[in-house]
Amino acid sequence: MLSYKQIKTFGKFSISFPIGLTAYAGFVLFDERLSWEGVLASLGIFFLSAGASAINQLQEIRLDALMPRTVNRPLPSGSMTMKMAMLIVALFLITGSVCLWFFGWAAVAWGWIGLFWYNLVYTPMKTRSAFSVFPGAVVGAIPPVAGWVAAGGSILDPRIHFLAFFFFLGQMPHFWLLVLKYKDQYKKAGFPVITDVLSKKQVIRINLIWFLATYISALFLPVFELVDQLAVVWILTLSSVYMMVWSLRATMIASKEEHSPQLRKMFIYFNSFYLLIMILLYIDKV
């Protein structure tokens, strides 16, 4: 009998949940209100994301068995059979598709575009290129588009293009900080990593550029009328400026230290910033 913990790990719920939140952000920004309909659309993306993550583990079962951080996942550990894994994948995909179907075929299509891109483009490229993060970042830009379309928004609207771009930017530092932390495990499993091409210091400094680009782009959310309440704009502005200053300082420290705890702080602070922005997007529509 499978436990909830095994199913949660197989569907990477810790990643699928924030992905669902970005879809909800896209829905709310067009619909201009918090609603249960938006929750249903975000659940659709959550389950499709869980399905994509589960398929990814089916694709990389041999590689997962080589890394300490993934060796205890259900498939490489042997706690889940292939038959059960396929059944769970089917349930994830069917549930996600049904949730999105209430909003029309376009919403379903965008949900599946994200899945196809993750499993058929990004996943195979991870074993071939240290720069797979670039196509991988596209995956993070698709959920808000799916949410926007589910709410009835046009794909031609420049506002959703900018929102997708904002989430695209955040994927690079998120991924590269993980690589810096687990580079030895990735290399052992045969994944090409960015530190094969660039030094650790170079990666940290390039990461600063992505950090700053993300924080600067956040300042343009009011320009694209994605937020307009004065209090929200002020919080967004002050938070972005603070993160710019903090990232500059943290980068200087991390560049001088061989095993810097700053990298972990960067990862936590950066992802917390994205969570704050999503909360502000929701609050703005209350």
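None of the figures in this text is laboratory data; all of them are computed from the coordinates on show. Computed from a prediction, not measured in an experiment: that's the story for all the values here. Note: ideal-geometry Cβ built from the backbone for every residue, glycine included; neighbour counts use all protein chains shown.
Which three numbers, in whole Å and largest first, are the semi-axes of the equivalent ellipsoid of the chain derived from its Cα gyration tensor as √(5λ)? Intermediate values should be presented prior to the final figure.
Working: eigenvalues 167, 155, 43 Å².
Ellipsoid semi-axes (Å, largest first): 29, 28, 15.
From the residues LEU198, ILE216, GLN57, which one has its Cα farthest along the dipole of the chain in the positive direction, the dipole being from +1 and -1 charges on Cβ of Lys/Arg and Asp/Glu about the Cα centre?
Toward the positive end, the furthest listed residue is LEU198.
What range in the chain is the longest one free of chymotrypsin sites (Phe, Trp or Tyr not before Pro) that are in a loop by DSSP and have at most 13 other Cβ atoms within 10 angstrom?
The segment 1-101 is the longest one with no such site.
Scanning the chain for helices, which whole DSSP H stretches are 24 Å or more long along the axis (Cα) and average 0.0 or more by Kyte-Doolittle?
Details: long enough: 13-31 (26 Å, 1.37); 36-59 (34 Å, 0.95); 82-101 (28 Å, 2.02); 133-150 (27 Å, 1.59); 158-189 (43 Å, 0.18); 200-218 (27 Å, 0.69); 230-256 (40 Å, 1.33); 262-284 (32 Å, 1.11).
Those that pass (Cα extent of 24 Å or more, hydropathy at least 0.0) are 13-31, 36-59, 82-101, 133-150, 158-189, 200-218, 230-256, 262-284.
Taking each pair of distinct Cα atoms in the stretch 56-116 once, what is the resulting Kirkwood hydrodynamic radius in Å?
Computed over Cα pairs of the stretch 56-116, the Kirkwood hydrodynamic radius comes out at 13.1 Å.
So which residue, out of ALA41, ALA25, ALA130, gets the largest mean-square fluctuation from a GNM of the chain using Cα contacts under 10 Å as springs?
Largest GNM mean-square fluctuation: ALA130.
Evaluate the charge dipole of the chain about its Cα centre and quote only its size in Debye, nearest 20, assuming +1 on the Cβ of each Lys and Arg and -1 on the Cβ of each Asp and Glu.
The calculation lands at about 1200 debye.
In debye to the nearest 20, how big a dipole does the stretch 117-222 give about its Cα centre with +1 on each Lys and Arg Cβ and -1 on each Asp and Glu Cβ? The partial results should precede the final answer.
Details: 10 positive and 3 negative charges, 98 e Å.
Here the stretch 117-222 has a charge dipole of around 480 debye.
Straight-line reach from LYS181: which lysines fall under 30 Å, measuring Cα to Cα and dropping same-chain residues less than 8 apart?
By straight Cα distance, LYS181 reaches LYS5, LYS8, LYS12, LYS126, LYS200, LYS201, LYS256, LYS265.
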